[in-house]
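Okay, structure first, notes after.
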């Protein structure tokens, strides 16, 4: 970021490659729409360019850009007239299905049709449960689980104390635990 | 670690943000606490189940963002561009290298300033202290008060207010005030040399016609040194000749009788003052009253500048009264004086032109005068040779 502020435009491409994927996943899981997530990420980086002069090196660049993206997501959610009620049967826009699934992460190497089907069912159920989380808990959960940001940085992005962030995270996990109680036994069995 | 402390650190333990010591303490507590172990195990299992698969962003997203950023950069408002420029400049300004360079430049500039100031100082021995004395001289009324005679212009060598009335080079070379006395000496020298040439301006009426444009050393009375900058020693000398100045001012203001008395009071032992007495008498009472005084000065200051001047001016006075014989005798005496011979020769030529016309009228006058055709120095002591 220092290089970019000094006029090195190639530094912006480096920042973009480093942060666009976590930001995109955060916006995608937060908003549930791939196209909107792309717009959020693009707008966030455009604002980075516009406000580069105002950036102070008191915090990390990731904290700053996640703050911008979070504010854009909040604006989008406020403007959205429809409350998201994702259907388990509806195709998930923007999600390509690529990447490891829970089954791929936890199952053994042997392909198992029954196990793959269960993993897909769990994934759908997890995404639905995450979508049902309150916004303040969902954003903290996604920053922690998807973007792998530490609690301290999340507290700076969200603007609340760190203990509040941990409490929200615990509430989100407990709610997911309740929603996924049917699969908990399965997860424990996979240990 | 008890259950309360474990719950406070449970989320950190779940995401691996605890240090090793606290992690070990938490593990020992979980191993001995079934409740906390169940709570922690449930959250850990939920986290595993709720793991979200990572989705790669669309292929064209990066390119679109770069394009949008480029457009924003080119269409950035002036205010933001200025802010960004200030930010870049501020970023450079905050760097330690810049601060060190600035400090170095300040030190260099200060050193240059001090060195320059020291080298430009003149040595103490070369310092000249100047003291202002007196007040500006008032405007001279001579122009209106003396319409027919302006001594400062007619006689370029005429003393001015504040000047010395007698020239003594030894006394003038005071070490404390080397510049102004030297100037006075030069002025007096010029006065003497110019006096003879400027006397040629007189015509039949005597010495009344000014010739300011003849290249003379014309000094206006108001330009005298009363308000000028003078060294302290010169000021002291000027104060000593204040009576002479006051007499001269009387003369310049056309109060010739008073000036004659004032100069006369100064005249004992001072041929210069005596000469000015004769001049005041000439201007106040006419040449007939002044010729005797001119002769007296010529006798007393024989061989000196006042004596030559008195001889010349006396000759001109004789000529103006028609006593061409006495005039010729005095002018002939000046032919042997280098500083006055040219002027004397010129006056003799004029006298030769005038004498045929007035010869008849002048003869009785010459006979009537007991001192006719006899130079004043002819009455000098028998043992003394006449100076001219």
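The values are calculated or read from the model by the stated rules, or taken from the named source; none is laboratory data. Since this is a predicted model, take the numbers as computed values, not measurements. Heads up, the Cβs are rebuilt from the backbone with ideal geometry, glycines too, and the neighbour counts pull from every protein chain shown.
Numerical summary
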quantity	calculated
Subset tally (residues that are free of Cβ contacts under 8 Å to residues at least 40 places away in the same chain and either more than 13 Å from residue B:65 (Cβ to Cβ) or more than 7 Å from chain B (Cβ to nearest Cβ) (or both)) for segment A:18-28	1
Conditions (1) surrounded by 17 or more Cβ atoms within 10 Å (Cβ to Cβ); (2) within 9 Å of chain B (Cβ to nearest Cβ); (3) at pLDDT 85 or above: number failed by residue A:95	(3)
Where residue A:179 falls short, out of the listed (1) more than 12 Å from residue B:42 (Cα to Cα); (2) at pLDDT 90 or above	(2)
Looking only at segment B:45-75, and only at residues there that are facing chain A (nearest Cβ under 7 Å) and modelled with pLDDT under 75, the one that is farthest from residue A:41 (Cα to Cα)	B:73
In segment B:12-37, the residues that are touching a residue at least 24 places away in the same chain (Cβ under 8 Å) and part of a helix (DSSP H, G or I)	B:13, B:14, B:25, B:26, B:28, B:29, B:30, B:35, B:36
Residue list for segment A:151-164, restricted to those being buried (at least 16 other Cβ atoms within 10 Å of the Cβ) and at the interface with chain B (Cβ under 9 Å from one of its Cβ atoms)	A:151
Unmet requirement for residue B:303, which otherwise passes all of (1) assigned to a helix (DSSP H, G or I); (2) touching a residue at least 24 places away in the same chain (Cβ under 8 Å); (3) over 39 Å from the mean Cα position of the chain (by Cα)	(1)
Residue B:314 vs. criteria modelled with pLDDT of 90 or more and in contact with a helix residue (DSSP H, G or I) (Cβ under 8 Å, 6 or more places away or on another chain)	yes
Top-ranked residue in segment A:129-145 [being away from chain B (no Cβ under 11 Å) and assigned to a helix (DSSP H, G or I); ranked as surrounded by the fewest Cβ atoms within 10 Å (Cβ to Cβ)]	A:135
Count - residues of segment A:32-69 that are more than 10 Å from every other protein chain (Cβ to nearest Cβ), touching a helix residue (DSSP H, G or I) at 6+ places or on another chain (Cβ under 8 Å) and either surrounded by fewer than 22 Cβ atoms within 10 Å (Cβ to Cβ) or assigned to a loop (DSSP other than H, G, I, E, B) (or both)	9
